[in-house]
Protein chains: 4
Amino acid sequence: MSPRNPEKDRQMREKRMQHILDSALKVMAVHGFQLTSIQDIAKEAKVSVGTVYHYFESKEEIFSEVLRKGQTNYGRNVAAVAVMEVEPLQKLRVIASTWLAASSTNWAFTILMHTARLSKSTPPELKRAITERFTANLKPVASIMEEGMRQGTIVEGDSVQLAFYFVSLIQGLTMQRTPDYEVPVAMNVDAIIGLFEVKEQR
Amino acid sequence: MSPRNPEKDRQMREKRMQHILDSALKVMAVHGFQLTSIQDIAKEAKVSVGTVYHYFESKEEIFSEVLRKGQTNYGRNVAAVAVMEVEPLQKLRVIASTWLAASSTNWAFTILMHTARLSKSTPPELKRAITERFTANLKPVASIMEEGMRQGTIVEGDSVQLAFYFVSLIQGLTMQRTPDYEVPVAMNVDAIIGLFEVKEQR
Amino acid sequence: MSPRNPEKDRQMREKRMQHILDSALKVMAVHGFQLTSIQDIAKEAKVSVGTVYHYFESKEEIFSEVLRKGQTNYGRNVAAVAVMEVEPLQKLRVIASTWLAASSTNWAFTILMHTARLSKSTPPELKRAITERFTANLKPVASIMEEGMRQGTIVEGDSVQLAFYFVSLIQGLTMQRTPDYEVPVAMNVDAIIGLFEVKEQR
Amino acid sequence: MSPRNPEKDRQMREKRMQHILDSALKVMAVHGFQLTSIQDIAKEAKVSVGTVYHYFESKEEIFSEVLRKGQTNYGRNVAAVAVMEVEPLQKLRVIASTWLAASSTNWAFTILMHTARLSKSTPPELKRAITERFTANLKPVASIMEEGMRQGTIVEGDSVQLAFYFVSLIQGLTMQRTPDYEVPVAMNVDAIIGLFEVKEQR
DNA sequence: TATGAATGAGAATTCATTCAT
DNA sequence: TATGAATGAATTCTCATTCAT
């Protein structure tokens, strides 16, 4: 019947969708959330507008997917760090360094996430999904905090709250990392981690 | 024809402009940044679109002014706290509590600021102005940090960097405060301030 | 405060709205229902697309208004005929002649009405409104039928049903009146009315 | 490779084309005329868009074929009724009952036909074809009328005109039969036929 | 023959801005 | 100064049609 190869078709489809999502994140990083038009995304992906709509129902869905993939990815990375064979403080350092790395577009991603949660026009399901994934992603960080408390190297407190503060701080700093006009104050990962560290007695 | 009073005219003008700016912030807090139209602002201010354009050159200028007033205001408040007659840690507490108060629309303001800095369509002058005011506003906080270090109650480090971390943390937390789907983790001002506090010897 | 004349403004507004609605009917008569674009309407009315949207919320609303005005108008006309001082059969003749007059765009209007009622995309309220007005407009015709039955000049039967048949016949014929390729069969008002007439005994 | 059978191939082709046309009518009955997309038709027929284009040149052609088959079919049915061995009035009754049967999608078909004739975008050939078939289909009905006149059971008049009125009435009533908001007036086939009947002397 | 990916023109709608009154 | 009508560019989304596999 069909002279096509369904399996290959499926793979191609998957690949193109990912390509479009990557392009979407890239332009959103430059243009900002809802200011990114489908045109912009299509141009970046070097496909036509129609093609974008061939793969995604709406602009809405693209944003939703970008966020989902990004948060899921981040969650996986953090979980991997949490079970590494190093000191808890070192784990925090890895997370902070990765997130704040100059090359990353995390600042764009963070803004994207918060703007989506804020915007009146974002559908409730998406808001809830974002918040839930964010909350779930706090877990691995919280477990690092607990581990550090047990070892006496991380300050005492509610582990989830501490994780919340840590992540919020990192995200807050990330957003200062926007291009063009960066705040002229250096960031020092050791000093940041130091805030969560139990100081040795002299 | 009523005789004109130039001084009163000027005051009236000032008052209406402020009214429009207040209305603008109010709707932007609900609708999100650039999704707020001039129509929305005019409706909120109960004036016509034409009137808005009498007082402001462009939508651009309104945003710019909202940000300028907001940042200036914030700067004044922080400066006032910095010279209060209380412990440095207490000063930080006051700043944090005020900023994170449930009633505030600081989350909207923070997003507004970051989105503006991020957006390609924001003119460079505005971006620079925002960043400069942000940087300048770090000063009073840095002086609090220095004061605390001198007294041995605040952790050692570069005072401006510490201020940067403190403000970023507060802003990062603020953005978790968006309505509808708040992250289900409590915020505890004492615990937050605790991160910057030198712990007593046991 | 306002150097404008509100009353005059209101009148102008009313006039422009009517002008746009007239233009809308005119183009819909040529292009057909949902095939008429706002562009078409704007061009016909010699205003910009934006202006059309200044006066009407949506294409939907324009169609809805065209139908409402048209049906209301028709209802008024039929009611006026119903109370004229002539024979019942003569009243039917007047209605039929008016409706089938070559110059009228009733055929367009009729199609418009039925297509709207048929289309899946027409909101239920509009469908109900159309149907209700149609039903209400049967009343005057039914009263003519009753009058004729009392006088023995119109065939016996349920007056509302008879009215329904009469109107449906007229509308059915109207739709044959589309331009370009008219059905090559003459219409004779007397013969049509004859169907509802009690034939004299010889 | 299976040996080809040209005759069987042709039959298959014919069968698939008919299947697509049937599906087309089905969806058009629900979605309304030009609001039906090729996608809709393909989905209903459970084939791909490409396949539809294998069998038909354009959307235009599909509509054209649906109408042609529908009108031809109707013509055949009416012609069959015309030569049945029953009273002329009974023949009219059969035609009316069939056409107005609740289950039929004639209302969709009727709208389809009229909208096509009306639309600016319908090519002239199609318009002419529709009108010609419509006109030709009046013949069998006209012959029924003539038969009735000869027998003195159907009112006198031009037989083709009478047929025209009869068919227009039926079509007019059909369009009141749209789903969702039917006009709340009963239809009585006997009463309808009665309009064309010569009344007995008292 | 069958598929569905790709395209681009066109539709509805929004909105910043201008301008006559 | 105040108003709101008018404009047209930009945006999202749809869809007929083409084409490589």
Quiz item: When the accessible area of each residue in region A:27-57 is compared between its chain alone and the complete protein assembly (1.4 Å probe; ligands, DNA and RNA ignored), which residues differ by at least 40 Å², being lower in the assembly?
Solution: A:Val30, A:Leu35
Self-check item: Surface share of carbon and sulfur [accessible, 1.4 angstrom probe, percent] for region B:23-127
Solution: 56 percent
Quiz item: Per residue of B:102-111, what is the mean number of Cβ atoms on other protein chains within 10 angstrom of that residue's Cβ?
Solution: 2
Self-check item: Charge context of B:Arg93, other residues only, Cβ under 13 angstrom, K/R +1, D/E -1
Solution: -2
Quiz prompt | Rg/Rg_globular for region C:1-58, with Rg_globular taken as 2.2 N^0.38 Å and Rg from C-alpha atoms | solution = 1.28
Quiz item: So what is the 222 nm mean residue ellipticity for the protein assembly as shown from helices alone, if each DSSP H run of at least 4 adds -39500 (n - 2.57) and you divide by all residues, rounding to the nearest 500 deg cm²/dmol?
Solution: -23000 deg cm²/dmol
Quiz item: Between D and C, buried accessible area summed over both sides at probe 1.4 Å, in Å² to the nearest 100?
Solution: 4500 Å²
Self-check item: Rounded Å value of the spacing that divides the Cα centres of region D:58-99 and region C:129-146
Solution: 31 Å
Quiz item: Counting partner chain Cβ atoms within 10 Å of every residue's Cβ in C:161-170, what's the average?
Solution: 6
Quiz prompt | Rg followed by Dmax, in Å, when region D:60-195 is reduced to its Cα trace | solution = 15.4, 46
Quiz item: Among the listed pairs A:Lys69/B:Lys43; A:Lys26/C:Lys43; A:Lys59/D:Lys59, which are separated by more than 31 Å between their Cα atoms?
Solution: A:Lys69/B:Lys43; A:Lys26/C:Lys43
Self-check item: Relative contact order computed over chain A (Cα-Cα under 8 Å; 6+ residues apart), in percent
Solution: 22 percent
Quiz prompt | Those trypsin sites (Lys or Arg not before Pro) in region C:25-119 that DSSP places in a loop and that have at most 14 other beta carbons within 10 Å | solution = C:Lys46
Quiz item: Taking chain D as a Gaussian network, where each spring joins two C-alpha atoms under 10 Å apart, which residue of D:Val86, D:Val155, D:Val30 fluctuates the most?
Solution: D:Val86
Exercise. Can you tell me the dipole magnitude for region A:60-195 around its Cα centre, using point charges on the Cβ only (Lys, Arg +1; Asp, Glu -1), in Debye to the nearest 20?
Key: 280 debye
Practice problem: Kindly give the distances from D:Asp9 to its copy-mates, label point to label point, with each label point 7 Å from Cα along Cα→Cβ, as nm values to one decimal ordered shortest first. | Solution: 2.4, 7.5, 9.1
Self-check item: Given 11 as the ceiling on other Cβ atoms within 10 Å, longest exposed-site-free region of chain A for GluC sites (Glu not before Pro) in DSSP loops
Solution: A:86-199
Practice problem: Could you list which residues have their amide H under 5 Å from that of A:Ile154, counting only those 5 or more apart in sequence or on another chain, with H placed in the peptide plane? | Solution: A:Met149, A:Val198
Practice problem: For peptide A:190-198, compute the average count of partner chain beta-carbon atoms within 10 Å of each residue's beta-carbon. | Solution: 4
Exercise. Equivalent ellipsoid semi-axes for the protein assembly as shown, as square roots of 5 times the alpha carbon gyration tensor eigenvalues: give them largest first, rounded to whole Å.
Key: 75, 35, 21
Quiz item: What FRET efficiency would be calculated for the residue pair B:Lys69, A:Thr72, taking the C-beta separation as r and a Förster radius of 45 Å, to the nearest 0.05?
Solution: 0.65
Quiz prompt | Where chymotrypsin sites (Phe, Trp or Tyr not before Pro) fall in DSSP loop in region D:100-144, at most 13 other Cβ within 10 Å | solution = none
Quiz prompt | Prolate/oblate/rounded call for region B:130-178, Cα gyration tensor, a/c under 1.5 rounded | solution = oblate
Quiz item: Roughly how many Å² is the accessible area per residue of the protein assembly as shown, as a whole number, for a 1.4 Å probe?
Solution: 50 Å²
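The values are calculated or read from the model by the stated rules, or taken from the named source; none is laboratory data. Note that the coordinates shown come from a computational prediction; the quantities given were computed from them, not determined experimentally. Neighbour counts run over all protein chains shown; Cβ positions are idealised from the backbone, glycine included. Surface accessibility is based on the protein's heavy atoms, side chains included, excluding ligands, DNA and RNA. Shrake-Rupley method; radii C 1.70, N 1.55, O 1.52, S 1.80 Å.
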